[in-house]
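Below is one structure, written out as structure tokens; the observations come after it.
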Amino acid sequence: MGNMDLNCDMGEIPEHVTGGTQESLMPHLTSVNVACGAHAGDEQTMRATIEQALRFHVAVGAHPGYADRAHFGREPLHLSQNEIADSVFAQVRTLAGVAAAYGATITHVKTHGALYNQAARDPEIARAIADGVARWRTGAGCRPVRAPNRRRSPLRTKDVIMVGLAGSPMLDVFRSAGFPVAAEAFADRRYEPDGSLRSRKFDDALILDPAEAAAQAVRIAQRGSVIACNGAEIPITAQTICIHGDTPNAPQIAAAAAASLREAGVTPRALAPDHPRL
């Protein structure tokens with residue numbers, strides 16, 4: 001029935017990076033979005049996450065967010081377009097430098113938390129994100145960080161995929177900026193009737209049951225829809241499905257989603273299948 005990328009936000013919680021949670025997720029994923037040191041992460045977590053991704057043959061993407069660690073990047077900040085573009089550029093450049101030291105390519109960019117949610121509604125914020133990535137995409141000022149026993153590899157940025165919420169204006173903005181795009185849906189989040197994600201302020205915003213999350217992933221892939229929180233079926237056309245690494249039961253959710261998709265005839269496959277491997 002086709003392919004579907006399974007992505008996960010990673011490198012955000014140090015104990016997950018080194019404690020086994022990330023490694024238990026990796027076999028069930030095809031792409032990871034690595035925190036770039038603003039809302040979470042540092043060079044050590046970036047290195048460790050990229051090494052794990054390469055070991056499991058998983059595509060590596062950048063996951064920039066607001067530099068607000070106190071709120072994990074999940075509270076809106078009111079920055080100018082230039083400030084957002086500068087921050088996104090700096091974050092993606094940092095991750096790309098670490099990745100290049102391992103011979104890895106950044107295949108996609110997906111923003112985090114409040115920045116993602118604001119961009120889904122506000123074309124000006126989406127345009128600022130695109131501007132920041134475009135600056136990095138030209139190769140301006142990106143110096144790879146050396147890693148031991150790794151050969152330095154030039155960055156290849158011509159086909160960086162911008163990931164955004166399915167059905168949102170941010171995808172049109174990214175396209176108009178010249179980027180290939182991937183529409184994203186979520187296995188472990190509930191939806192509002194208008195197709196937006198249910199706010200985490202509500203107790204039912206997360207889907208914690210692996211079987212329910214897997215069923216939602218299959219519905220997205222097979223039927224192109226989700227059941228909203230009011231019971232209505234709403235259309236969702238997506239090329240990638242996210243499972244949050246900090247969701248309770250995340251490894252079990254990822255395993256159930258990947259298995260259920262395969263049983264339904266859907267092949268988990270990265271958006272950019274030519275990513276490098278160790």
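The values are calculated or read from the model by the stated rules, or taken from the named source; none is laboratory data. Given the structure is predicted, the values throughout are model-derived calculations rather than measurements. Positions of Cβ are backbone-derived with ideal geometry, glycine not excepted, and every protein chain shown enters the neighbour counts. Note: areas computed on protein heavy atoms with side chains; ligands, DNA, RNA excluded. Shrake-Rupley method; radii C 1.70, N 1.55, O 1.52, S 1.80 Å.
A simple packing score, the average count of other Cβ atoms within 10 Å per residue, orders the peptides 13-26, 225-238, 184-197 as 184-197, 13-26, 225-238, with the highest score first. In plain terms, the chain from Thr237 to Asp204 could stretch by 9.6 nm, reckoned as 0.36 nm per residue minus the Cα-Cα distance.
The alpha carbon convex hull volume per residue for region 1-94 rounds to 116 Å³. For the chain, the solvent-accessible area works out to 42 Å² per residue, with a probe of 1.4 Å and every protein chain left in place.
Note on Glu192 and Thr267: the extension gain reaches 24.2 nm, defined as 0.36 nm multiplied by sequence separation minus the Cα-Cα distance. Accessible surface of Asp86, taken over heavy atoms with a 1.4 Å probe and every protein chain present, rounds to 80 Å². Taking the 1.4 Å solvent-accessible surface of the chain as the whole, the part contributed by carbon and sulfur is 49%.
Residue-normalised convex hull volume from the C-alpha trace of the chain: 114 Å³ per residue. Remark on region 158-248: ratio of C-alpha radius of gyration to 2.2 N^0.38 Å is 1.10. The simple spin-label model puts a point 7 Å past each Cα toward its Cβ; for Ile227 and Ala70 those points are separated by 4.1 nm. Got a sec? Which residues in region 168-194 would a label at Glu124 touch, if it sits 7 Å along Cα→Cβ and we count backbone N under 18 Å? What the label zone holds, given the 18 Å backbone N cut-off, is 169-171, 173-174. Using the Cβ-Cβ distance between Gln44 and Thr138 with R0 set to 35 Å, the FRET efficiency from 1/(1 + (r/R0)^6) comes to roughly 0.80. The protection proxy used here, the mean number of other Cβ atoms lying within 10 Å of each residue, ranks peptides 74-85, 122-133, 54-65 as follows, highest first: 54-65, 122-133, 74-85.
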